[in-house]
Amino acid sequence: MIARSACFGAWLLGLLFLGLGVVGLIRWPHWVWAAPIACAVLALAATYRLRHLGGTILLGVLTLVLLAGAGALTHVAVGVARPVF
């Protein structure tokens, strides 16, 4: 039961960070958005693999690290790509 809700939360966070990356790329075009988008896509792939193929501790940790990386890189990308007036 816990693994099911954890996978659902990881899906939501992955989609959130992917959406923020795409919206940021459209709003402030810059190459720096590639990193958070790639991390979010990899996190979604790891979550899919964790959910459907059965997971190990290592795969769960990888998902967590990728989601944290996507969040941190989104914050960095907003700081770099957003113009300051």
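The values are calculated or read from the model by the stated rules, or taken from the named source; none is laboratory data. Only a predicted model underlies this, so the values are computations on that prediction, with no experimental measurement involved. As a convention, Cβ positions derive from the backbone with ideal geometry for all residues, glycine included, and neighbour counts pool all protein chains shown. Remember, those area values only see protein heavy atoms, side chains included, never the ligands or the DNA or RNA. Shrake-Rupley method; radii C 1.70, N 1.55, O 1.52, S 1.80 Å.
Within segment 10-24, the set of residues being of a type in the set (A, V, I, L, M) and open to solvent by less than 30 Å² (accessible area, probe 1.4 Å) comprises Ala10 only.
In segment 63-85, the residues that are of a type in the set (Phe, Trp, Tyr) form no Cβ pair under 7 Å with any partner that is open to solvent by 60 Å² or more (accessible area, probe 1.4 Å) and at pLDDT below 90, whether six or more places apart or across chains. Evaluation of Ala81 against the conditions (1) touching a His at 6+ places or on another chain (Cβ under 9 Å); (2) open to solvent by 90 Å² or more (accessible area, probe 1.4 Å) shows that the sole unmet condition is (2). Being in contact (Cβ under 8 Å) with a residue 40 or more places away in the chain and of a type outside the set (Lys, Arg) is a description that does not apply to Gly9. Selection within segment 25-77: residues that are among the hydroxyl-bearing types (Ser, Thr, Tyr) and within 11 Å of Cys7 (Cα to Cα). The member of this set that is surrounded by the fewest Cβ atoms within 10 Å (Cβ to Cβ) is Tyr48.
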